[in-house]
C-alpha cells in the first residue's frame with residue numbers, strides 16, 4: 001500500500017478523489033454535517049505542506065438529469081475554506097475549459113474544487129474517456145474516498161490506470177483499511193460483533209463472514225424480529241422478512257455449530273404506530289401483540305448486551321438497535337454506544353461501521369471515545385464480506 005507519506009508533492013498537482021457527499025440544508029443549501037470534509041483535511045494539508053497544489057473531485061447526491069443547483073459542490077466551498085483556513089478556487093465543471101485553465105494555473109499551496117462529477121453520466125458508467133480527461137488535470141492521483149471505493153466509477157477506480165507509479169492512498173483510505181484489517185485479521189478475543197438495522201437480507205453476507213471470526217454476535221433492530229418469528233414467536237406488526245425465516249434458522253444453527261453465542265433482545269420497546277408520539281410500552285420480544293411494533297430493544301436486553309460488550313477486547317458495530325432518530329426509541333442504541341465507549345476506555349478496540357452506526361455515535365457525541373468511526377458504510381460492509389473493492393484494487397495494481 002503506497003500512501004501519501006511515501007511521496008513528496010513539491011511542485012506537483014495532486015488530483016484527489018474525496019468524499020464530499022455531505023448533507024445540505026434544504027432551504028439554505030448550507031452543509032449540515034461536515035464529518036466527511038473534516039476527514040479529508042489531513043490529506044490535503046500534507047500535500048500543501050510539501051509544496052504541492054490540490055485539485056479535489058467528488059460527487060454530491062444522486063443527480064439524474066445533469067447539473068442541478070441543489071447538488072452543486074459550490075455549496076461546500078465555504079465549509080472547506082473555513083476548515084483549511086484558506087481561499088478555495090472553484091470550477092463550475094469538472095472537465096470543461098474552466099477546469100483545465102484553473103488546474104493549469106494552480107500554484108503551490110492552492111486548492112481547486114471541481115464541480116460534481118455525477119453531473120456526467122460517464123462518471124458512474126466508469127467511462128475511460130471521461131476518466132482520462134480528469135486525469136489530465138493532475139500529476140499524481142490520490143484516492144481518499146473510501147465511502148465510494150466499492151464502486152467502479154471513473155474517478156474512483158478507472159482513473160488510476162493513467163497514473164502508473166503515481167497513485168496513492170490518502171490518509172482516510174489507508175486508515176479505513178488498516179482498521180478494518182485489524183478487526184478481520186488480528187482481532188483480540190473475545191470478539192463481539194453487534195449488528196442491527198432493518199433487514200436480515202442486508203446483512204446476511206457479513207453475518208456469515210463474522211460467524212467464522214467472532215465469539216459473540218449481538219442482533220438488534222428490526223432484523224431481530226425475523227429471528228423471533230423464525231423461532232415461533234409473535235412479533236405483531238414489527239418489521240419481519242417472512243421469506244427469510246429459513247435463513248434466520250440456518251444462521252442460528254451455523255452459530256451453534258461454530259460455538260458462536262448469538263444474543264437476541266429478550267425485550268423490546270413497542271409502539272402502536274411508527275411515530276415518536278405513539279403509545280409505547282415494554283414487552284417480551286417474542287410476544288408482541290397484533291397492532292404493535294418493536295422500535296427499540298428493551299431495558300433488560302440493553303443491560304444484557306452491555307454486559308457482553310464490557311467483557312470484549314474487539315468490537316465491531318454495524319447497525320442501530322432501534323429507531324434512534326426518535327427520542328423515545330433511542331435508549332437501546334445509546335446504551336450500546338455507552339457500553340462500547342466504556343469497553344474502549346478499558347482497552348478494547350472498537351470499530352464503528354459507518355452508515356447509521358456512525359450517525360448514532362455522532363448524534364450522541366461519542367465519536368472521539370471509540371477507536372475508529374468508519375466514513376464508508378457500504379464500502380466497509382463489502383470489504384468485511386470479503387469482496388474486492390475496485391477503488392482499492394486499482395491503487396494496488398501495477
ask   = So what's the stretch 178-384 giving for Cα Rg divided by 2.2 N^0.38 Å, two decimals?
value = 0.94
message = How tilted is helix 245-258 with respect to the longest principal axis of the chain? Cα atoms for both, answer in degrees (0 to 90, nearest 10).
response = 90
task = Inverting the mean 1/r over all pairs of different Cα atoms, compute the Kirkwood radius of the stretch 4-169 and quote it in Å.
result = 15.6
inquiry  = Using Cβ contacts closer than 10 Å as the measure, can you line up 342, 153 from fewest to most?
reply    = 342, 153
request  = Kindly rank 173-179, 6-12 from highest to lowest mean number of other beta carbons found within 10 Å of each residue.
outcome  = 173-179, 6-12
Protection proxy ranking of 182-195, 120-133, 64-77 - average other beta-carbon atoms within 10 Å, highest first = 182-195, 120-133, 64-77
remark   = In whole percent, the Cα-Cα distances of the stretch 301-382 spread across 10 Å bins from 0 upward as 20, 55, 25, 0
Two-decimal ratio, the chain, of alpha-carbon radius of gyration to 2.2 N^0.38 Å = 1.06
message = Angle check, please: helix 200-210 long axis (alpha carbons) against the longest principal axis of the chain (alpha carbons), in degrees 0 to 90, nearest 10.
response = 80
task = Find how much the distance from residue 300 to residue 254 grows on full extension, using 0.36 nm per residue of separation minus their present alpha carbon separation; answer in nm with one decimal.
result = 14.0 nm
task = For the stretch 126-250, state the average projected area of the convex hull of the C-alpha atoms over all orientations, rounded to one decimal in nm².
result = 10.8
query = Tell me, what are the semi-axes, in whole angstrom and largest first, of the equivalent ellipsoid of the stretch 349-398 as set by the roots of 5 times the Cα gyration tensor eigenvalues?
reply = 26, 11, 9
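Any read-out appearing in this document is the output of simple, stated calculations on the displayed coordinates, not a laboratory observation. Keep in mind the model is a prediction, meaning the values are calculated, not measured. Every residue, glycine as well, gets a Cβ built from its backbone with ideal geometry; the counts of neighbours run over all protein chains shown.
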